[in-house]
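Worksheet: one structure, shown below.
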């Protein structure tokens, strides 16, 4: 047990029977008690220590290989007015953004402590969560902090997020930004004696600061869901050039795609069953997709439910598939909703378009036509010159 306020150093070697002479060997902690891994001692079987502090490996010098002088314990000197931050990374089974009873922690998530500017804090080594999903950074100076979590593959943020991580709610998810598989909380301002008393999180998730409750914030939580519990929607937007009311190359892949033409760059918006925009849980913006060069689009990692897809009508086209016949923005699912189920993609939600003969050409289209006419005129004049 170290003196009051001291905490284990960030790097620990918890291996059993490790004879490295200058590392710290804390394998487990219970309150203020810290224990090494298991060391089996044998006569004439112990190491000759050379790498420790001067004098630290001398106690067994008279009979060197009968003693193990490598079991070390490193602690951080307490910081004046120290503060702490921590909580849990968990599986939000019901997608509601709250830590409910029975929802487990997530193991294998990398948790990194950042300063208020998003830079990793020196001396605060990144942590890997175990099965309880807990993380904790202690002995910190007062100041502004953020927490970044990199979850294991095939996990995505839960669908309700509270970006204000300093709101002290103990059972919400606090992802504020996302970037390339990393998910970061908002800024938390930590002050000695100014932090909350937590009571409503998962069992054990708010205990790490109990010795100095108001010096630590154990409410910065991260909820994720496995993609296997989610579904998706896919479809296509193409021009029906031959006027048969279908996209021939989708029905029969052996058909020449030139018979009908995919339309690239069409924007589609995801709606709920009531026709309201579905918002991104992190950005708060409506969820949209854009067709690729083959006219395909998809919405992935959706909560199983009923949805609609709204197509923003592409310029220069009229809708063939719009059942209400108004040629305005077309919707699939407003009559019979698109049902999304776990582990499945609802396919073939296709929009069929036809050329609008009354469409006024855009400026770029006018420019292209003028260029074609100019090139034609030049070719004609060159032909006349050759005849003369």
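The values are calculated or read from the model by the stated rules, or taken from the named source; none is laboratory data. The structure displayed is predicted, hence computed values, not measured ones. Counting neighbours? That spans all protein chains shown, and the Cβs are built from the backbone with ideal geometry, glycine included.
Among the residues of this structure, residue 195 counts as one that is in contact with a helix residue (DSSP H, G or I) (Cβ under 6 Å, 6 or more places away or on another chain), under 27 Å from residue 215 (Cβ atoms) and surrounded by 15 or more Cβ atoms within 10 Å (Cβ to Cβ). Within region 296-330, if we keep just the residues that are touching a helix residue (DSSP H, G or I) at 6+ places or on another chain (Cβ under 9 Å) and more than 16 Å from residue 269 (Cβ to Cβ), the residue that is modelled with the lowest pLDDT turns out to be 316.
Answer yes if at least one residue in region 233-247 is within 30 Å of residue 105 (Cα to Cα), modelled with pLDDT of 90 or more and in a strand (DSSP E or B), and no otherwise. Checked against the condition, which is being within 30 Å of residue 105 (Cα to Cα), modelled with pLDDT of 90 or more and in a strand (DSSP E or B), region 233-247 yields at least one hit.
Condition check ((1) outside the structural domain of residue 136 (by TED's automatic domain parsing); (2) in a loop (DSSP other than H, G, I, E, B); (3) over 15 Å from residue 140 (Cα atoms)) across all residues:
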{"site": "78", "(1), (2), (3)": "yes, yes, no"}
{"site": "90", "(1), (2), (3)": "no, no, yes"}
{"site": "93", "(1), (2), (3)": "no, yes, yes"}
{"site": "101", "(1), (2), (3)": "no, yes, yes"}
{"site": "112", "(1), (2), (3)": "no, no, no"}
{"site": "117", "(1), (2), (3)": "no, yes, yes"}
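Residue 102 fulfils the conditions (1) touching a strand residue (DSSP E or B) at 6+ places or on another chain (Cβ under 6 Å); (2) at pLDDT 90 or above except for a single criterion, (1). Within region 59-74, the set of residues being assigned to a loop (DSSP other than H, G, I, E, B) and either surrounded by 12 or more Cβ atoms within 10 Å (Cβ to Cβ) or modelled with pLDDT of 80 or more (or both) comprises 60, 67, 68, 69, 70, 71, 72, 73, 74. Answer yes or no: is there a residue in region 161-173 that is assigned by TED's automatic domain parsing to the domain that holds residue 119, free of Cβ contacts under 8 Å to residues at least 60 places away in the same chain, surrounded by fewer than 18 Cβ atoms within 10 Å (Cβ to Cβ) and on the phi > 0 side of the Ramachandran plot. Yes: region 161-173 contains one or more residues that are assigned by TED's automatic domain parsing to the domain that holds residue 119, free of Cβ contacts under 8 Å to residues at least 60 places away in the same chain, surrounded by fewer than 18 Cβ atoms within 10 Å (Cβ to Cβ) and on the phi > 0 side of the Ramachandran plot. One residue stands out among those in region 278-292 that are loosely packed, with under 14 Cβ neighbours inside 10 Å and in contact with a strand residue (DSSP E or B) (Cβ under 7 Å, 6 or more places away or on another chain): the one that is nearest to residue 309 (Cα to Cα), which is 290.
Within region 127-137, restricting attention to residues that are crowded, with 22+ Cβ neighbours inside 10 Å and in contact (Cβ under 8 Å) with a residue 60 or more places away in the chain, the residue that is nearest to residue 187 (Cα to Cα) is 134.
Scanning region 138-157 for residues that are part of a loop (DSSP other than H, G, I, E, B) and within 18 Å of residue 114 (Cβ to Cβ) yields 141, 142, 151.
Taking into account only those residues within region 23-36 that are modelled with pLDDT under 85 and over 9 Å from residue 1 (Cα atoms), which is surrounded by the most Cβ atoms within 10 Å (Cβ to Cβ)? Across region 23-36, the extreme among qualifying residues is 29. Contact map, region 221-242: first residue assigned by TED's automatic domain parsing to the domain that holds residue 289 and surrounded by 23 or more Cβ atoms within 10 Å (Cβ to Cβ), second residue part of a helix (DSSP H, G or I) and at pLDDT 95 or above, Cβ cut-off under 6 Å, separation 6 or more or different chains; the map is empty. Taking the numbered list (1) at pLDDT below 95; (2) touching a strand residue (DSSP E or B) at 6+ places or on another chain (Cβ under 6 Å); (3) under 21 Å from residue 103 (Cβ atoms) in turn, residue 183 passes all entries but (1).
In this structure, is residue 88 closer than 28 Å to residue 129 by Cβ, out of contact with any helix residue (DSSP H, G or I) (no Cβ under 6 Å at 6 or more places or on another chain) and modelled with pLDDT of 80 or more?
Answer is yes for this residue.
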